[in-house]
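Beneath this line is the structure, given in C-alpha coordinates, with notes to follow.
The values are calculated or read from the model by the stated rules, or taken from the named source; none is laboratory data. All values reported here derive from a predicted model rather than from experimental measurement. Note that each Cβ is placed from the backbone with ideal geometry, even for glycine, and that neighbours are counted across all protein chains shown. Side chains are part of the model used for accessible areas, which takes the heavy atoms of the whole protein and leaves out ligands, DNA and RNA. Shrake-Rupley method; radii C 1.70, N 1.55, O 1.52, S 1.80 Å.
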Amino acid sequence: MEDRKAKTHKGRKILEKRRGLINEEPKNILLLKGNKTNEVVTNCMKELQKWCGFNCKNMMGRKHEVKPFEDAAHLEKFCETNDASLFILGNHTKKRPQNLTIGRLYNSKVLDMVELGIESMKSMTEFPNKGNFGLGLKPVIIFQGERFEYSDEYIKIRNLLADLFRLQDSERFDITQTKKIMVFTVLGEKAISLRCFTSNLPSAYEVSEDPEPSNGQVVSKEPLVEIGPSVRFIVRRTYLSSEDAFKESLKKPKVIEKQKKKKDNIEHNELGQVLGRLHVQQQDLSTLVLKHVKPIKKKKIDTTAIKRPKEVEEPVSDEDA
(Lines give C-alpha, C1' and ligand atoms only; values in the text may rest on other atoms or scores of the structure.)
Protein backbone atom coordinates (compact mmCIF):
# COMPACT_ATOMS: atom_id res chain seq x y z
CA MET A 1 0.00 0.00 0.00
CA GLU A 2 1.33 3.41 -0.90
CA ASP A 3 2.50 5.60 1.96
CA ARG A 4 0.01 8.40 2.45
CA LYS A 5 0.03 10.98 5.21
CA ALA A 6 -3.24 12.15 6.69
CA LYS A 7 -3.87 15.85 7.17
CA THR A 8 -6.68 15.45 9.71
CA HIS A 9 -7.44 13.23 12.69
CA LYS A 10 -10.32 11.56 10.82
CA GLY A 11 -8.11 10.85 7.82
CA ARG A 12 -5.48 9.28 10.07
CA LYS A 13 -8.09 6.90 11.52
CA ILE A 14 -9.24 5.89 8.03
CA LEU A 15 -5.67 5.11 6.92
CA GLU A 16 -5.03 3.06 10.07
CA LYS A 17 -8.07 0.89 9.31
CA ARG A 18 -6.79 0.20 5.79
CA ARG A 19 -3.41 -1.00 6.96
CA GLY A 20 -2.59 -4.66 7.38
CA LEU A 21 -3.70 -6.19 10.67
CA ILE A 22 -2.15 -8.98 12.70
CA ASN A 23 -5.46 -10.85 12.94
CA GLU A 24 -7.59 -9.89 9.97
CA GLU A 25 -11.35 -10.16 10.08
CA PRO A 26 -13.23 -12.31 7.53
CA LYS A 27 -13.53 -10.59 4.17
CA ASN A 28 -16.85 -9.06 3.18
CA ILE A 29 -18.49 -10.19 -0.05
CA LEU A 30 -20.64 -7.88 -2.16
CA LEU A 31 -23.51 -9.34 -4.21
CA LEU A 32 -24.53 -7.14 -7.15
CA LYS A 33 -26.98 -7.33 -10.02
CA GLY A 34 -26.10 -6.03 -13.45
CA ASN A 35 -28.35 -4.06 -15.75
CA LYS A 36 -30.11 -7.23 -16.95
CA THR A 37 -30.52 -10.55 -15.11
CA ASN A 38 -32.81 -13.55 -15.22
CA GLU A 39 -34.23 -15.99 -12.68
CA VAL A 40 -31.41 -18.54 -13.03
CA VAL A 41 -28.72 -15.97 -12.21
CA THR A 42 -30.70 -14.60 -9.25
CA ASN A 43 -31.34 -18.05 -7.75
CA CYS A 44 -27.71 -19.06 -8.20
CA MET A 45 -26.48 -15.96 -6.38
CA LYS A 46 -28.94 -16.46 -3.52
CA GLU A 47 -27.87 -20.06 -3.02
CA LEU A 48 -24.18 -19.20 -3.20
CA GLN A 49 -24.86 -16.60 -0.53
CA LYS A 50 -25.87 -19.39 1.88
CA TRP A 51 -22.43 -20.96 1.42
CA CYS A 52 -20.58 -17.67 1.86
CA GLY A 53 -21.73 -17.18 5.45
CA PHE A 54 -22.72 -14.00 7.26
CA ASN A 55 -20.13 -11.80 5.54
CA CYS A 56 -22.27 -11.24 2.42
CA LYS A 57 -23.75 -7.84 1.71
CA ASN A 58 -26.76 -8.36 -0.51
CA MET A 59 -27.07 -5.36 -2.84
CA MET A 60 -29.33 -7.10 -5.36
CA GLY A 61 -32.27 -4.85 -4.57
CA ARG A 62 -31.42 -2.57 -7.46
CA LYS A 63 -29.60 -2.87 -10.78
CA HIS A 64 -26.11 -1.50 -11.35
CA GLU A 65 -24.64 -0.39 -14.67
CA VAL A 66 -21.29 -2.11 -14.09
CA LYS A 67 -18.95 -3.58 -16.69
CA PRO A 68 -15.83 -4.62 -14.75
CA PHE A 69 -13.84 -5.89 -17.75
CA GLU A 70 -14.32 -2.59 -19.61
CA ASP A 71 -14.14 -0.12 -16.72
CA ALA A 72 -13.82 -1.25 -13.10
CA ALA A 73 -13.58 2.22 -11.52
CA HIS A 74 -17.26 2.34 -10.48
CA LEU A 75 -17.10 -1.19 -9.05
CA GLU A 76 -13.89 -0.45 -7.11
CA LYS A 77 -15.40 2.66 -5.57
CA PHE A 78 -18.61 0.81 -4.67
CA CYS A 79 -16.66 -2.01 -2.96
CA GLU A 80 -14.51 0.48 -1.05
CA THR A 81 -17.60 2.29 0.19
CA ASN A 82 -19.11 -0.96 1.51
CA ASP A 83 -15.77 -2.25 2.91
CA ALA A 84 -15.82 -5.34 0.69
CA SER A 85 -12.80 -7.00 -0.90
CA LEU A 86 -14.73 -9.74 -2.77
CA PHE A 87 -17.68 -9.42 -5.12
CA ILE A 88 -20.09 -11.51 -7.20
CA LEU A 89 -21.76 -9.73 -10.12
CA GLY A 90 -24.63 -11.35 -12.01
CA ASN A 91 -25.91 -10.29 -15.40
CA HIS A 92 -27.61 -11.74 -18.48
CA THR A 93 -27.05 -10.52 -22.03
CA LYS A 94 -27.47 -11.94 -25.50
CA LYS A 95 -23.71 -12.14 -26.00
CA ARG A 96 -23.00 -13.64 -22.55
CA PRO A 97 -26.14 -15.28 -21.16
CA GLN A 98 -26.45 -16.26 -17.49
CA ASN A 99 -23.14 -14.75 -16.50
CA LEU A 100 -21.43 -14.53 -13.09
CA THR A 101 -18.33 -12.41 -12.50
CA ILE A 102 -16.35 -13.30 -9.38
CA GLY A 103 -13.45 -11.11 -8.31
CA ARG A 104 -11.38 -9.70 -5.45
CA LEU A 105 -9.66 -6.42 -4.71
CA TYR A 106 -6.38 -5.39 -3.15
CA ASN A 107 -5.63 -1.82 -2.13
CA SER A 108 -9.03 -0.80 -3.59
CA LYS A 109 -8.01 -2.08 -7.04
CA VAL A 110 -9.19 -5.20 -8.86
CA LEU A 111 -6.65 -7.98 -8.40
CA ASP A 112 -8.32 -11.04 -10.01
CA MET A 113 -11.55 -11.60 -11.92
CA VAL A 114 -13.10 -14.59 -13.65
CA GLU A 115 -16.28 -14.73 -15.73
CA LEU A 116 -18.33 -17.91 -15.34
CA GLY A 117 -21.33 -18.78 -17.48
CA ILE A 118 -24.08 -20.90 -15.92
CA GLU A 119 -24.62 -23.75 -18.39
CA SER A 120 -26.93 -25.82 -16.16
CA MET A 121 -28.10 -25.63 -12.56
CA LYS A 122 -29.98 -27.81 -10.11
CA SER A 123 -31.33 -25.82 -7.19
CA MET A 124 -31.29 -26.86 -3.51
CA THR A 125 -35.08 -27.21 -3.55
CA GLU A 126 -34.82 -29.98 -6.19
CA PHE A 127 -32.84 -32.28 -3.86
CA PRO A 128 -34.73 -34.56 -1.46
CA ASN A 129 -32.28 -33.86 1.37
CA LYS A 130 -32.35 -30.15 2.01
CA GLY A 131 -29.39 -28.60 3.77
CA ASN A 132 -30.34 -27.54 7.31
CA PHE A 133 -26.77 -26.72 8.29
CA GLY A 134 -25.70 -23.53 10.05
CA LEU A 135 -24.69 -20.55 7.94
CA GLY A 136 -21.55 -19.85 9.96
CA LEU A 137 -20.00 -23.32 9.62
CA LYS A 138 -16.71 -23.48 7.75
CA PRO A 139 -16.93 -25.68 4.63
CA VAL A 140 -14.43 -28.21 3.36
CA ILE A 141 -13.40 -27.20 -0.18
CA ILE A 142 -12.10 -29.89 -2.54
CA PHE A 143 -10.60 -29.20 -5.98
CA GLN A 144 -10.42 -32.08 -8.43
CA GLY A 145 -8.57 -32.07 -11.75
CA GLU A 146 -5.04 -31.72 -13.06
CA ARG A 147 -5.64 -28.21 -14.32
CA PHE A 148 -6.01 -26.96 -10.75
CA GLU A 149 -2.45 -28.21 -10.13
CA TYR A 150 -0.52 -27.38 -13.32
CA SER A 151 -2.32 -24.60 -15.18
CA ASP A 152 -1.35 -21.07 -14.05
CA GLU A 153 -4.79 -19.76 -14.98
CA TYR A 154 -6.67 -22.45 -13.04
CA ILE A 155 -4.33 -22.14 -10.04
CA LYS A 156 -5.39 -18.48 -9.74
CA ILE A 157 -9.06 -19.48 -10.18
CA ARG A 158 -8.68 -22.11 -7.45
CA ASN A 159 -7.13 -19.54 -5.12
CA LEU A 160 -9.95 -17.09 -5.86
CA LEU A 161 -12.70 -19.65 -5.17
CA ALA A 162 -11.01 -20.75 -1.95
CA ASP A 163 -10.77 -17.11 -0.84
CA LEU A 164 -14.48 -16.64 -1.57
CA PHE A 165 -15.84 -19.58 0.44
CA ARG A 166 -13.26 -20.17 3.18
CA LEU A 167 -14.92 -17.83 5.76
CA GLN A 168 -12.83 -17.26 8.89
CA ASP A 169 -9.45 -18.86 9.58
CA SER A 170 -9.26 -21.62 12.19
CA GLU A 171 -6.30 -23.45 13.68
CA ARG A 172 -8.22 -26.59 14.66
CA PHE A 173 -10.74 -28.59 12.70
CA ASP A 174 -12.91 -31.51 13.90
CA ILE A 175 -13.74 -33.78 10.97
CA THR A 176 -16.63 -35.38 12.87
CA GLN A 177 -18.38 -31.98 12.94
CA THR A 178 -18.04 -31.46 9.17
CA LYS A 179 -21.43 -30.51 7.74
CA LYS A 180 -20.57 -28.58 4.56
CA ILE A 181 -18.47 -29.88 1.69
CA MET A 182 -17.93 -28.14 -1.66
CA VAL A 183 -16.38 -30.02 -4.60
CA PHE A 184 -15.06 -28.18 -7.68
CA THR A 185 -14.18 -30.44 -10.61
CA VAL A 186 -12.60 -29.55 -13.94
CA LEU A 187 -14.60 -30.98 -16.85
CA GLY A 188 -12.89 -30.62 -20.20
CA GLU A 189 -11.01 -27.48 -21.17
CA LYS A 190 -13.36 -24.70 -20.05
CA ALA A 191 -15.94 -26.35 -17.79
CA ILE A 192 -16.02 -26.44 -13.97
CA SER A 193 -18.70 -28.21 -11.98
CA LEU A 194 -19.77 -27.39 -8.43
CA ARG A 195 -21.45 -29.97 -6.21
CA CYS A 196 -22.35 -29.42 -2.56
CA PHE A 197 -22.71 -32.12 0.08
CA THR A 198 -23.44 -32.53 3.75
CA SER A 199 -21.77 -35.12 5.96
CA ASN A 200 -23.51 -37.82 7.98
CA LEU A 201 -20.40 -38.83 9.91
CA PRO A 202 -21.26 -39.75 13.52
CA SER A 203 -19.53 -37.77 16.21
CA ALA A 204 -16.56 -39.22 18.08
CA TYR A 205 -18.55 -40.53 21.05
CA GLU A 206 -21.14 -42.23 18.80
CA VAL A 207 -18.64 -44.28 16.78
CA SER A 208 -18.95 -47.97 17.61
CA GLU A 209 -16.33 -50.62 16.92
CA ASP A 210 -18.96 -53.24 16.10
CA PRO A 211 -20.19 -53.16 12.48
CA GLU A 212 -23.67 -54.06 13.76
CA PRO A 213 -24.07 -52.44 17.18
CA SER A 214 -26.54 -54.06 19.52
CA ASN A 215 -27.74 -50.84 21.17
CA GLY A 216 -29.88 -49.89 18.17
CA GLN A 217 -27.51 -47.25 16.79
CA VAL A 218 -28.07 -46.72 13.08
CA VAL A 219 -24.86 -46.22 11.11
CA SER A 220 -25.38 -44.19 7.94
CA LYS A 221 -24.45 -46.07 4.78
CA GLU A 222 -24.01 -42.82 2.86
CA PRO A 223 -21.45 -40.61 4.58
CA LEU A 224 -22.02 -37.83 2.01
CA VAL A 225 -25.44 -36.63 0.88
CA GLU A 226 -25.79 -34.10 -1.93
CA ILE A 227 -27.91 -31.12 -0.96
CA GLY A 228 -27.19 -28.65 -3.76
CA PRO A 229 -26.76 -26.43 -5.50
CA SER A 230 -25.24 -28.35 -8.41
CA VAL A 231 -23.95 -25.99 -11.10
CA ARG A 232 -21.97 -26.46 -14.29
CA PHE A 233 -19.92 -23.36 -15.16
CA ILE A 234 -18.18 -22.38 -18.37
CA VAL A 235 -15.04 -20.27 -17.96
CA ARG A 236 -15.25 -17.23 -20.23
CA ARG A 237 -13.07 -14.15 -19.71
CA THR A 238 -10.40 -13.87 -17.03
CA TYR A 239 -8.40 -10.97 -15.61
CA LEU A 240 -5.57 -12.35 -13.49
CA SER A 241 -2.92 -10.46 -11.56
CA SER A 242 0.76 -10.48 -12.45
CA GLU A 243 3.29 -12.28 -10.28
CA ASP A 244 4.61 -9.02 -8.82
CA ALA A 245 1.13 -7.77 -7.91
CA PHE A 246 0.20 -11.14 -6.39
CA LYS A 247 3.36 -11.19 -4.26
CA GLU A 248 2.65 -7.63 -3.15
CA SER A 249 -0.81 -8.69 -1.94
CA LEU A 250 0.71 -11.51 0.13
CA LYS A 251 3.07 -9.25 2.06
CA LYS A 252 2.56 -9.29 5.80
CA PRO A 253 2.79 -6.29 8.11
CA LYS A 254 6.12 -5.60 9.76
CA VAL A 255 4.52 -6.02 13.16
CA ILE A 256 4.00 -9.73 12.48
CA GLU A 257 7.60 -10.22 11.45
CA LYS A 258 8.81 -8.60 14.66
CA GLN A 259 6.58 -10.77 16.81
CA LYS A 260 7.78 -13.95 15.11
CA LYS A 261 11.37 -13.32 16.25
CA LYS A 262 12.19 -15.58 19.17
CA LYS A 263 13.08 -13.78 22.36
CA ASP A 264 16.25 -14.93 24.07
CA ASN A 265 16.19 -16.62 27.49
CA ILE A 266 12.38 -16.95 27.53
CA GLU A 267 10.69 -20.35 27.68
CA HIS A 268 7.21 -21.75 28.27
CA ASN A 269 6.52 -24.73 30.49
CA GLU A 270 3.79 -27.35 30.07
CA LEU A 271 1.25 -25.21 31.91
CA GLY A 272 1.81 -22.30 29.56
CA GLN A 273 3.64 -20.16 32.11
CA VAL A 274 6.46 -17.90 30.94
CA LEU A 275 9.86 -18.64 32.42
CA GLY A 276 12.68 -16.14 32.05
CA ARG A 277 16.39 -16.49 32.71
CA LEU A 278 18.52 -13.61 33.95
CA HIS A 279 22.29 -13.44 33.65
CA VAL A 280 23.76 -11.27 36.46
CA GLN A 281 27.46 -10.40 36.61
CA GLN A 282 29.50 -10.84 39.79
CA GLN A 283 29.09 -7.82 42.01
CA ASP A 284 31.99 -5.81 43.42
CA LEU A 285 31.07 -5.31 47.05
CA SER A 286 33.74 -2.61 47.52
CA THR A 287 31.74 -0.27 45.35
CA LEU A 288 28.48 -1.11 47.06
CA VAL A 289 26.75 2.01 48.32
CA LEU A 290 25.15 1.59 51.71
CA LYS A 291 23.21 3.93 53.92
CA HIS A 292 25.51 5.96 56.15
CA VAL A 293 24.61 5.95 59.84
CA LYS A 294 25.93 8.65 62.14
CA PRO A 295 28.10 7.20 64.97
CA ILE A 296 26.79 7.49 68.52
CA LYS A 297 28.87 9.98 70.48
CA LYS A 298 29.48 9.61 74.23
CA LYS A 299 28.02 12.47 76.19
CA LYS A 300 30.29 14.19 78.76
CA ILE A 301 28.96 13.95 82.29
CA ASP A 302 29.00 17.16 84.31
CA THR A 303 30.39 16.12 87.69
CA THR A 304 29.68 19.43 89.32
CA ALA A 305 26.00 18.94 88.98
CA ILE A 306 26.04 15.74 90.99
CA LYS A 307 25.03 16.23 94.63
CA ARG A 308 27.27 14.45 97.03
CA PRO A 309 25.89 13.20 100.38
CA LYS A 310 26.82 15.28 103.46
CA GLU A 311 29.36 13.88 105.94
CA VAL A 312 27.85 13.17 109.38
CA GLU A 313 30.11 13.43 112.44
CA GLU A 314 29.76 10.39 114.62
CA PRO A 315 30.02 10.91 118.44
CA VAL A 316 33.17 9.50 120.08
CA SER A 317 32.66 7.39 123.16
CA ASP A 318 34.91 7.52 126.32
CA GLU A 319 36.23 4.05 125.65
CA ASP A 320 37.48 5.02 122.22
CA ALA A 321 39.09 8.04 123.63
>> Based on this model, can you work out whether residue 141 counts as closer than 29 Å to residue 200 by Cα and open to solvent by less than 70 Å² (accessible area, probe 1.4 Å)?
In response: yes
> In the stretch 89-130, what residues are under 18 Å from residue 45 (Cβ atoms), among the aliphatic types (A, V, I, L, M) and in contact (Cβ under 8 Å) with a residue 60 or more places away in the chain?
Replying inline: 100, 102, 113, 114, 116, 118, 121, 124
> Applying the selection to the stretch 21-75, what residues are small (Gly, Ala, Ser) and farther than 21 Å from residue 108 by Cα?
Replying inline: 53, 61
> So which residues in the stretch 23-62 are aromatic (Phe, Trp, Tyr) and over 19 Å from the mean Cα position of the chain (by Cα), if there are any at all?
Replying inline: none
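Of the residues that make up the stretch 263-275, is at least one at pLDDT below 80 and either open to solvent by less than 100 Å² (accessible area, probe 1.4 Å) or hydroxyl-bearing (Ser, Thr, Tyr) (or both)? Write out each step before concluding.
We begin by selecting, within the stretch 263-275, every residue at pLDDT below 80; these are 263-264, 270-272.
Add one more test, that the residue is either open to solvent by less than 100 Å² (accessible area, probe 1.4 Å) or hydroxyl-bearing (Ser, Thr, Tyr) (or both), and what stays is 272.
Scanning the stretch 263-275 turns up at least one residue that is at pLDDT below 80 and either open to solvent by less than 100 Å² (accessible area, probe 1.4 Å) or hydroxyl-bearing (Ser, Thr, Tyr) (or both).
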> Of 122, 63, which residue is modelled with pLDDT of 90 or more and of a type in the set (Lys, Arg)?
Replying inline: 122
>> So, residue 61, is that one farther than 22 Å from residue 230 by Cα, open to solvent by 70 Å² or more (accessible area, probe 1.4 Å) and among the small types (Gly, Ala, Ser) or not?
In response: yes
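Just one of 221, 247, 179 is assigned to a loop (DSSP other than H, G, I, E, B) and modelled with pLDDT of 65 or more; which is it?
Sole residue among the options that is assigned to a loop (DSSP other than H, G, I, E, B) and modelled with pLDDT of 65 or more: 179.
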> How many residues are surrounded by 18 or more Cβ atoms within 10 Å (Cβ to Cβ) and within 30 Å of the chain's Cα centre (by Cα) when one looks only at the stretch 77-113?
Replying inline: 18
> Does the stretch 195-207 contain at least one residue that is open to solvent by 60 Å² or more (accessible area, probe 1.4 Å), among the hydroxyl-bearing types (Ser, Thr, Tyr), assigned to a loop (DSSP other than H, G, I, E, B) and modelled with pLDDT under 85?
Replying inline: no
